[in-house]
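The values are calculated or read from the model by the stated rules, or taken from the named source; none is laboratory data. All values reported here derive from a predicted model rather than from experimental measurement. For neighbour counting, all protein chains shown are included, and Cβ atoms are generated from backbone atoms with ideal geometry for every residue, glycine included. Ligands, DNA and RNA are excluded from the accessible area calculation, which covers all protein heavy atoms including side chains. Shrake-Rupley method; radii C 1.70, N 1.55, O 1.52, S 1.80 Å.
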Amino acid sequence: MEKILMTRRGFDALDAELRTLKSVERPAVIRAIAEAREHGDLSENAEYHAAREKQSFIEGRIKEVEGLLGLAEVIDPAKLSGAIKFGATVTIVDEDTDEEKTYQIVGEAEADIENNLLNIKSPLARALIGKEEGDSVEVRTPGGERSYEVLAIKYR
């Protein structure tokens, strides 16, 4: 199996989610199922069916998170330097609009573009890997070709 790269923050967030799923969510849904069973006929019991569906989701997510954590390779960006690589926090500027953006390049499991966590497998991250401050990159996006200049690289 291939290792899944993660930052410490991403690993800790998944670990916390797993603990919550096992210690809070799972017992709550078990109680909800027991309560719904007390209402009698299960074939027409919407609460029972909803609780069973939620239980199925929780159990599936537990297995998924356990699998991710089992394959995780935690990378500490603070110990890295140099050209852009996994874990780098990169500030870029769009050469057409002069709009600046800052992203941290992270693994697929912790990527969240709304929080500026850029998936290492995304076209932009792949174009940035190996670049230095001052370099320009061309990226093919769904909206067309974009040109960016690397303004800053930080590892924290």
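Assess whether Ala32 counts as being at pLDDT below 95, over 26 Å from the mean Cα position of the chain (by Cα) and assigned to a helix (DSSP H, G or I). Walk me through it before giving the result.
On the way: at pLDDT below 95: yes; over 26 Å from the mean Cα position of the chain (by Cα): yes; assigned to a helix (DSSP H, G or I): yes.
So Ala32 fits the description; yes.
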Restricting attention to strands (runs of 3 or more DSSP E) lying wholly within region 97-147, give those where 2 or more residues are of a type in the set (S, T, N, Q) and touching a Ser or Thr at 6+ places or on another chain (Cβ under 9 Å). 100-106
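Would region 122-135 turn up any residue that is under 12 Å from Thr7 (Cα atoms), within 19 Å of the chain's Cα centre (by Cα) and either open to solvent by less than 50 Å² (accessible area, probe 1.4 Å) or in contact (Cβ under 8 Å) with a residue 40 or more places away in the chain (or both)? Quick ask: steps written out before the conclusion?
Quick first cut of region 122-135, residues under 12 Å from Thr7 (Cα atoms) only: none.
No - not one qualifying residue is present in region 122-135.
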Filter result for the condition that a residue is in contact (Cβ under 8 Å) with a residue 40 or more places away in the chain and within 20 Å of the chain's Cα centre (by Cα), over Glu149, Glu108, Glu100, Glu95: Glu108
Scanning region 45-83 for residues that are open to solvent by 50 Å² or more (accessible area, probe 1.4 Å) and among the hydroxyl-bearing types (Ser, Thr, Tyr), the one nearest to Arg26 (Cα to Cα) turns out to be Ser56
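Just to be sure before I move on: is Arg156 more than 22 Å from Glu17 (Cβ to Cβ), open to solvent by 40 Å² or more (accessible area, probe 1.4 Å) and under 20 Å from the mean Cα position of the chain (by Cα) in the structure I sent?
On the way: more than 22 Å from Glu17 (Cβ to Cβ): yes; open to solvent by 40 Å² or more (accessible area, probe 1.4 Å): yes; under 20 Å from the mean Cα position of the chain (by Cα): yes.
For Arg156, the condition - more than 22 Å from Glu17 (Cβ to Cβ), open to solvent by 40 Å² or more (accessible area, probe 1.4 Å) and under 20 Å from the mean Cα position of the chain (by Cα) - is met.
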